[in-house]
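Contents: one structure, followed by commentary.
The values are calculated or read from the model by the stated rules, or taken from the named source; none is laboratory data. Computed from a prediction, not measured in an experiment: that's the story for all the values here. Methodologically, a virtual Cβ is constructed for each residue, glycine included, from the backbone with ideal geometry; neighbour enumeration extends over all protein chains shown. The protein model used for the area step is the full one, side chains on, heavy atoms only, and it has no ligands, DNA or RNA in it. Shrake-Rupley method; radii C 1.70, N 1.55, O 1.52, S 1.80 Å.
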Amino acid sequence: MKQVLIVGAGHEFPKGPFAFLHSMQENERVHAKGLFFRPVDYSSLIAAGAASNIAPIMELEDNEKELIATHKAMFARQCEQHHTPYSLHENDGAWDKNLLIKESRFADLILISGENFYAEADRSQPNQYLREALHHAECPVLVIPENFTAVQHLFMAYDGSRESIYAIKQFCYLFPDLIDLPTEILNIHEDAGHSIPDLESLQQFTQRKFDRMSFSKLRFNAAEYFSTWISEKKNVLLVSGSFGRSTLSYVGKRSFAQGVIHDHQLPVFIAHS
């Protein structure tokens with residue numbers, strides 16, 4: 001049985017992650033754990049307004065706690081309706097990176113909404129909070145669009161790095177029932193003369209994992225054009241190890257995975273060692 005952590009932080013309940021969870025249940029047993037964060041950190045607002053009337057802020061904080069209680073009740077109802085074993089973390093506070101780290105350490109997989117996660121703070125995803133969650137999570141993360149539909153095709157981003165192979169391995173270990181889907185290994189590079197690194201070893205490894213596999217060399221700037229390229233594909237899931245870098249390295253630099261998440265197009269599986 002897999003331990004799946006669904007993380008919510010926003011005024012909207014994360015419907016996409018639950019849709020994916022239900023699809024997982026068709027093939028295996030899962031235990032769902034809900035971890036919810038308050039959309040706004042009111043303690044900082046109270047500190048900033050210490051010399052003035054904080055009653056309105058306290059009222060808003062109470063409203064946010066009620067919202068989290070509502071989301072927890074929705075979580076429980078969804079799990080009970082689909083006969084999913086579940087538990088709920090008692091947290092109803094603001095974003096806490098260390099809490100996410102601890103809970104992810106004891107989970108097999110995190111499911112998170114690519115649209116609603118702290119959207120009140122910044123709707124341009126992946127925002128600071130989502131980037132931080134992706135970088136610090138100690139288990140693989142699946143970023144799910146709210147309009148999730150069943151996966152029919154897999155794309156695996158591969159650049160020869162340890163991170164890209166690690167992500168492919170983790171996906172295979174977590175989703176053995178999906179590796180019979182048509183699978184395409186993507187090597188993306190601007191140089192037309194660039195060859196796929198360690199191709200023979202990659203072929204030997206992946207041929208033992210995937211039933212229907214092919215290789216593609218895409219010759220363009222991934223950060224600029226990949227999101228447009230993949231938007232033409234339907235019912236696909238992308239596997240990437242690209243968020244293993246420091247959060248600061250994304251300042252002024254947009255990765256191809258960021259572009260896909262930003263456009264809310266498809267599920268993105270991210271795993272980094």
For the range 168-175, check the following and say yes or no: at least one residue is surrounded by 15 or more Cβ atoms within 10 Å (Cβ to Cβ) and farther than 24 Å from LEU21 by Cβ.
no
Mind checking which residues of the range 118-140 are among the charged types (D, E, K, R) and either open to solvent by less than 10 Å² (accessible area, probe 1.4 Å) or part of a loop (DSSP other than H, G, I, E, B) (or both)?
GLU120, ASP122, ARG123, GLU138
When the range 117-143 is examined, which residues are found to be among the basic types (Lys, Arg) and touching a helix residue (DSSP H, G or I) at 6+ places or on another chain (Cβ under 6 Å)?
ARG131
Within the range 243-273, residues surrounded by fewer than 13 Cβ atoms within 10 Å (Cβ to Cβ) and at pLDDT 75 or above come out as SER273
Out of (1) surrounded by fewer than 17 Cβ atoms within 10 Å (Cβ to Cβ); (2) hydrophobic (A, V, I, L, M, F, W, C); (3) more than 21 Å from VAL260 (Cβ to Cβ), the one ALA107 does not meet is (1)
Of the numbered conditions (1) touching an Asp or Glu at 6+ places or on another chain (Cβ under 8 Å); (2) touching a residue at least 60 places away in the same chain (Cβ under 8 Å); (3) over 22 Å from GLY10 (Cα atoms), ASP108 satisfies every one except a single condition; which is it?
(1)
